[in-house]
1. Go through the stretch 1-24 and give me each residue that's touching a Gly at 6+ places or on another chain (Cβ under 8 Å), open to solvent by 50 Å² or more (accessible area, probe 1.4 Å) and not in a loop (DSSP other than H, G, I, E, B).
2. With the requirement that a residue be open to solvent by less than 10 Å² (accessible area, probe 1.4 Å) and either over 14 Å from CYS137 (Cβ atoms) or in contact with a helix residue (DSSP H, G or I) (Cβ under 8 Å, 6 or more places away or on another chain) (or both), what does the stretch 52-77 give you?
3. Within the stretch 36-51, can you find the residues that are acidic (Asp, Glu), under 26 Å from LYS127 (Cα atoms) and surrounded by 13 or more Cβ atoms within 10 Å (Cβ to Cβ)?
4. Among what's in the stretch 111-149 and is of a type in the set (A, V, I, L, M, F, W, C) and loosely packed, with under 15 Cβ neighbours inside 10 Å, pick the residue that is nearest to ALA100 (Cα to Cα).
5. For the stretch 66-88, what are the residues that are hydroxyl-bearing (Ser, Thr, Tyr) and closer than 14 Å to ASN12 by Cβ?
6. Of everything in the stretch 33-73, what is farther than 18 Å from ALA100 by Cα, of a type in the set (A, V, I, L, M, F, W, C) and in a helix (DSSP H, G or I)? Give them in sequence order.
7. For a quick check of your reading of the model, give me the residue pairs whose first member lies in the stretch 5-23 and is of a type in the set (Gly, Ala, Ser), whose second is open to solvent by less than 10 Å² (accessible area, probe 1.4 Å), with beta-carbon atoms closer than 6 Å and at least 6 apart or on different chains.
8. Determine the pairs where a residue that is farther than 21 Å from ASP14 by Cβ, located within the stretch 89-117, has a partner that is small (Gly, Ala, Ser) and surrounded by 17 or more Cβ atoms within 10 Å (Cβ to Cβ) with Cβ atoms under 7 Å apart, the partner being 6 or more residues away or on another chain.
Amino acid sequence: MKQGRVWKYSDNIDTDVIIPARYLNTASHEELARHCMEDIDISFAKEVKDSDIIVAGENFGCGSSREHAPIAIKASGVSLVIAKSFARIFYRNAINIGLAILEHPYLSDETAKDDIIEYNLSTGVVKNITTGKEYTCNKFPKEIQNLINEGGLINYTRKKLIKIKSPN
C-alpha cells in the first residue's frame with residue numbers, strides 16, 4: 001500500500017492547463033514539473049510533494065495529445081491520478097511514461113483537497129484515510145502494472161530486451 005495527499009480538480013482539465021504551451025520548448029522533466037498546473041493552481045508546483053495524488057472529475061487530460069502533460073505530473077512527484085474518466089490519448093500517454101492512473105465513477109465526489117489516500121495498484125483498492133471510505137477501481141492487467149512499475153514503456157522494453165540478450 002502507498003499513500004499520498006490529495007490535490008483536487010474538476011472536470012475537463014486539459015493538457016494546456018496541466019502544462020501550458022509556453023513551456024513545451026523544453027525536454028527537461030524538472031522544468032516541466034516547475035510549471036505543472038500553474039494556470040489553474042499556482043500553488044501546485046511549489047507545494048506538491050512526492051507521493052501526492054491528483055483526484056479529478058471527468059475527461060482528465062483532454063485537449064492536445066502532448067506527452068508533456070503526464071510527464072510534468074509524474075516529474076512533479078505525483079504517484080497516482082484518479083479520475084472519473086480520462087481522455088483516451090492522455091490515458092495511453094500516462095501508461096507509456098509510467099504514470100499510475102485509476103478510474104472511479106464517484107471517488108472524486110467524495111474526496112477533498114488534502115485528504116490522505118492509501119492505494120494498492122495491484123488490487124485496485126483505494127482507501128480515503130481521512131473519510132474512512134474504501135473504493136475498488138478497475139485494476140490494470142499484470143503486464144500493464146509491470147510497465148508502470150518499470151517507469152514506462154521505454155524502460156519496460158529495455159529490460160525485456162536485456163533479458164532476451166542475456167537469458168539466465
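1. Listed by number, the list holds a single entry, ASP16.
2. Of everything in the stretch 52-77, those that are open to solvent by less than 10 Å² (accessible area, probe 1.4 Å) and either over 14 Å from CYS137 (Cβ atoms) or in contact with a helix residue (DSSP H, G or I) (Cβ under 8 Å, 6 or more places away or on another chain) (or both) turn out to be ASP52, ILE54, VAL55, ALA56, GLY57, PHE60, GLY61, ALA69, PRO70, ALA72, ILE73.
3. Initial filter on the stretch 36-51 (acidic (Asp, Glu)): 38-39, 41, 47, 50.
Next, only the ones that are under 26 Å from LYS127 (Cα atoms) stay: 41, 47, 50.
Once the filter is applied, which keeps residues that are acidic (Asp, Glu), under 26 Å from LYS127 (Cα atoms) and surrounded by 13 or more Cβ atoms within 10 Å (Cβ to Cβ), the stretch 36-51 yields only ASP41.
4. Taking the stretch 111-149 and keeping what is of a type in the set (A, V, I, L, M, F, W, C), we get 112, 116-117, 121, 125-126, 129, 137, 140, 144, 147-148.
Retained after the next criterion (residues that are loosely packed, with under 15 Cβ neighbours inside 10 Å): 112, 116, 129, 144.
Numbers: ALA112: 20, ILE116: 17, ILE129: 19, ILE144: 10 Å.
Restricting to residues being of a type in the set (A, V, I, L, M, F, W, C) and loosely packed, with under 15 Cβ neighbours inside 10 Å, the top hit is ILE144.
5. Taking the stretch 66-88 and keeping what is hydroxyl-bearing (Ser, Thr, Tyr), we get 76, 79, 85.
The answer is SER85, and nothing else.
6. PHE44, ALA45
7. Close Cβ pairs satisfying both conditions: SER10/GLY57.
8. Listed pairs, sorted by first residue: GLY98/GLY152; ILE117/GLY4.
The values are calculated or read from the model by the stated rules, or taken from the named source; none is laboratory data. It should be emphasised that the depicted structure is a prediction, and the values quoted were computed from it without experimental measurement. Neighbour counts are summed over all protein chains in view; Cβ atoms, including those assigned to glycine, are modelled from backbone coordinates with ideal geometry. Only protein heavy atoms, including side chains, enter the accessible area calculation; ligands, DNA and RNA are left aside. Shrake-Rupley method; radii C 1.70, N 1.55, O 1.52, S 1.80 Å.
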